[in-house]
Amino acid sequence: MKGNRGVVQRDPGGAMRNAGRRTVLKGIGVMVLLPVAHHGFAQAAYPNRPIKIIAPVQPGGGVDLVARTIADRLGRALGQSIVVDNQSGGGGVVGSLAVARAAPDGYTLMVGYVGTHGTNPAVRKLPYDAVKDFTAIGMVGGTPNVLVVGPALPVASVKDMLTRLRAEPGRLSYGSAGTGTLTHLAMEQFKLATATFMVHIPYRGIGPAIVDCIGGQTHAMLPGLAAALPHIRSGKLRPLAVTGARRHQLIANVPTLDELGYKGFDGVQWYGIVGPANMPAPIVKRLNEEIVRQIALPELRERLAVEALETMPMSADEFATYIRDDIARWAKLVRERNIQIE
């Protein structure tokens, strides 16, 4: 016993027991921290700061209207301010690129429409991929196109117009919102369907094209009904036919091209909300649900209807499919009917 005084007795299994004890304590620490981390995540739930919706056009027109309407309604629903940023240029390219390059966190969105995510991708090389570089979030609505003539072409029907076109081949012209837009492709489709010819005059936007048609510099157009409606009501443009499967209630006396025997004119000027590629699924789901909820409200439907916009509720997946199908539709038209893009 005397020889053992001051000597520490070692337990060969002690180190293992201490290591196990430390592991248990670490586990308890992690368990304690988990609720804190979860609470922090909840505090940072989307959205916790202002959201920006880019309208890739100048102020005014259908794209801008949809951007501001959705910003107002969605902002109130989400309890967060949403600002509209008009970034025009390149037929929607400038605004589209800004969104494609933004962080996919749900704080930079855009009104994607038939120009940026339909016709232009089908007919020209763009610095963005309308499918791969974006997340489809929700469709808002669309408006048909309407064949109109100005005072320089005093005809009362499509039949009268075709008679005039055949009597004066190459002497009449039509305006569009620009090469590759729906207002261009739809009229080229009309020319092919009726075996007639008109000179294409592209403009930088639908506004200047309408002004020149009213002024007599061009003779006809196929703009979206939303853009043409104020001028139809004022008597400055005369509607001859409308696209789509049925007549539009705002111009119920105007026949569809389908009624007149010209099939396949079912393209629409559509507008929806998109974001950068790879947005988190929960954010996409929340935005989509709020958009669908808002456009189902009678007061909002009525407000859009006054502007000739009919709501088109879709899930995010359905909207993504719609975009792909619309691009394919116009690419097929250009390819099969040999439409030349100047």
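The values are calculated or read from the model by the stated rules, or taken from the named source; none is laboratory data. Model, not experiment: these values are computed from the prediction. When we count neighbours, we look across all protein chains shown, and the Cβ atoms used for this are built from the backbone with ideal geometry, even at glycine. The area values use the complete protein model at the heavy-atom level, side chains included, leaving out ligands, DNA and RNA. Shrake-Rupley method; radii C 1.70, N 1.55, O 1.52, S 1.80 Å.
Selection of first residues in segment 235-252 that are within 20 Å of residue 155 (Cβ to Cβ) and at pLDDT 95 or above and of second residues that are open to solvent by 60 Å² or more (accessible area, probe 1.4 Å) and not acidic (Asp, Glu), restricted to Cβ pairs under 7 Å at least 6 apart or on distinct chains, gives the following pairs, ordered by first then second residue: 241/260. Listed by position, the strands (runs of 3 or more DSSP E) inside segment 135-221 whose residues that are among the β-branched types (Val, Ile, Thr), open to solvent by 30 Å² or more (accessible area, probe 1.4 Å) and more than 20 Å from residue 239 (Cβ to Cβ) number at least 1 are 199-202. Across segment 59-96, the qualifying residues are those that are among the hydroxyl-bearing types (Ser, Thr, Tyr) and within 16 Å of the chain's Cα centre (by Cα), and the one among them that is surrounded by the fewest Cβ atoms within 10 Å (Cβ to Cβ) is 88.
Rundown of residues vs (1) modelled with pLDDT of 95 or more; (2) within 24 Å of residue 179 (Cβ to Cβ); (3) among the hydrophobic types (A, V, I, L, M, F, W, C), yes/no style:
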{"position": "42", "(1), (2), (3)": "no, no, yes"}
{"position": "52", "(1), (2), (3)": "yes, no, no"}
{"position": "106", "(1), (2), (3)": "yes, no, no"}
{"position": "112", "(1), (2), (3)": "yes, yes, no"}
{"position": "117", "(1), (2), (3)": "yes, yes, no"}
{"position": "120", "(1), (2), (3)": "no, yes, no"}
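Number of residues in segment 298-313 that are open to solvent by 40 Å² or more (accessible area, probe 1.4 Å), in a helix (DSSP H, G or I) and touching a residue at least 40 places away in the same chain (Cβ under 8 Å) equals 1.
Residue-level analysis places residue 125 outside the set of residues that are within 20 Å of residue 285 (Cα to Cα) and outside any helix (DSSP H, G or I).
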